[in-house]
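Structure first, then comments.
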Amino acid sequence: PFRHDFLSARSKASFVFEEMSLASNGAFVSAGRTQLRGPLLVPPMSLQVAPAFAAAPQSRPDGASPLHASAAAALGAAALVSLGVGVGGRRRKAAGLRASRGGVATQQSSMKIVSLVPSFLTMLPRPRARVAAEATAEAEPEAQADAAAKGLAVADEPQPFMSKKTLRLFILFFLWYVLNTAYNIGNKLVLTALPIPWTSATIELFFGLPYVGMLWLTGLRIKPKLSMDNIKTLAPSAFFLAATHVGGVISFGAGAISFTHVLKATEPVWTVLLSAIFFKEFLPVPIYLSLVPIIGGVALASMKELSFTWVSFIAGTLSAVTSASKAILSKKVLDGKPLGENLTPANMFAVLTILGCFMILPASLCIEGPATVSVAWNNARAAGYSAAHLWSLLGVSGFLYYIYNEVAFLALSEVAPVTHAVTNTVKRVVIILASVVVFKTKITLLGSVGSGLAIVGALLYSLAKGKYK
């Protein structure tokens, strides 16, 4: 009973005082001629508290001290006085407080109780929510001041012309365009000197092995760990990658670079067709409509292409088909399957390139055997090419093929699909224009219009595919 009475009185008084401390912070508490200014909770209590708590001891059956009665009376009286002060404003003269329990009703003892209770309440536990709220309120001005100071400091600093990320992307895309254009021109120079596209494509794929082998052996790039099952899983993708490269090289050798890239722009058409045939996947109408300019542009460019050959047309088209097949295979078949350890995208390209090289090597030896290669080599030497020049052409072409794909991966991995589509379209335009200038390729007006339609259609397809994903 004692503990319940005391805690109940303490809780009620504490509630009143804490509510008053929020409503009238800085209020005046007046009693007689004694005036207490500031928050309702004042410094530690006075030692002159004897009249309030030194009442004559009274015994209880449970042995509890009569302190609870005096404390309850003091808390209740102090709460009433403080409430009256907060609501009624300043009072120069306090009303007399009467103690009902001890029979003491003098103004002096009442004043001592009033001066005691606010200090006594500072020793009582306060609600955790209120403590957290007050701490937050005290911290907010300081935090706002710090934030404002930091904001001013940042505002005072000179802003760079472009961010580091933008500068890095600009450099990567610039290198991608330059290296890709250089590879296309270098590859055409190789095929002009050595008209053996299968052998040239195989050597270019092989140059990825010494490059990544050096990175793996020196620890600059973590080595992938593949099991035989992983290799079997990756084998179809490696085959399609190699077939895409061989088809492009054959088309380059038999026709103009510009015409080959127009044919490669038909890849979306084959992607949609293969997805519908093998996976019963049908797309929204706007995506199909974006294929119309691609088909019409390629048809117009083919009819008006001055360097048109069926070998170039068929090889370029097959390159687009195998590229679409590789993309579908990666999305539909390989997604979610275990492919090995440390198989980052860069390592994935390296592994596929090496596997693809060994896959097309038998076909290259069968189609262009040692006798064919020897004849082509001797003819090039007779035309004025030195052996060092020929080897340098092959080596540079192979290195550029691998390194431009690496840079393309770094650049395209940091941009959105729309940016990817736009930059890939711009890349084709840059390569076509560069090849026309370097090799003085003659094109007709309708051929130019057809090429432009095909490239714009490829861009529209990518944008529509991204919107209706």
Matching residues in the range 444-469 (under 18 Å from Pro284 (Cβ atoms), hydrophobic (A, V, I, L, M, F, W, C) and open to solvent by 70 Å² or more (accessible area, probe 1.4 Å)) number 1
Let me confirm something: among Ser397, Ser413, which residue is at pLDDT 90 or above and out of contact with any His (no Cβ under 6 Å at 6 or more places or on another chain)?
Ser397
Regarding Thr441, is this residue more than 31 Å from the chain's Cα centre (by Cα) and either within 15 Å of Ile287 (Cβ to Cβ) or surrounded by 16 or more Cβ atoms within 10 Å (Cβ to Cβ) (or both)?
yes
Starting from the range 215-226, take each residue that is closer than 14 Å to Ile354 by Cβ and modelled with pLDDT of 90 or more and list its partners that are open to solvent by 40 Å² or more (accessible area, probe 1.4 Å) and not in a loop (DSSP other than H, G, I, E, B), counting only C-beta distances under 7 angstrom and pairs at least six apart or across chains.
Lys223/Trp216; Pro224/Glu341
Determine the pairs where a residue that is within 13 Å of Thr353 (Cα to Cα) and open to solvent by less than 30 Å² (accessible area, probe 1.4 Å), located within the range 396-408, has a partner that is at pLDDT 90 or above and among the basic types (Lys, Arg) with Cβ atoms under 6 Å apart, the partner being 6 or more residues away or on another chain.
none
Considering each of Ala265, Ala254 in turn, give the residue that is over 34 Å from the mean Cα position of the chain (by Cα) and farther than 23 Å from Leu339 by Cα.
Ala254
Identify, from the list Ser330, Ser319, Ser323, the residue that is out of contact with any Lys or Arg (no Cβ under 9 Å at 6 or more places or on another chain), on the phi < 0 side of the Ramachandran plot and in a helix (DSSP H, G or I).
Ser330
Answer residue from the range 279-298, given it is open to solvent by less than 50 Å² (accessible area, probe 1.4 Å) and touching a Gly at 6+ places or on another chain (Cβ under 9 Å) and is nearest to Gly253 (Cα to Cα) among those
Val298
Among (1) open to solvent by 30 Å² or more (accessible area, probe 1.4 Å); (2) within 30 Å of Thr266 (Cα to Cα); (3) touching a residue at least 40 places away in the same chain (Cβ under 8 Å), where does Gly356 come up short?
(1)
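The values are calculated or read from the model by the stated rules, or taken from the named source; none is laboratory data. This is a predicted model, so every value here is computed, not measured. Cβ coordinates were reconstructed from backbone atoms using ideal geometry, including for glycine residues, and neighbour counts include every protein chain displayed. Heads up: the accessible areas ignore ligands, DNA and RNA and are worked out on the full protein's heavy atoms, side chains in. Shrake-Rupley method; radii C 1.70, N 1.55, O 1.52, S 1.80 Å.
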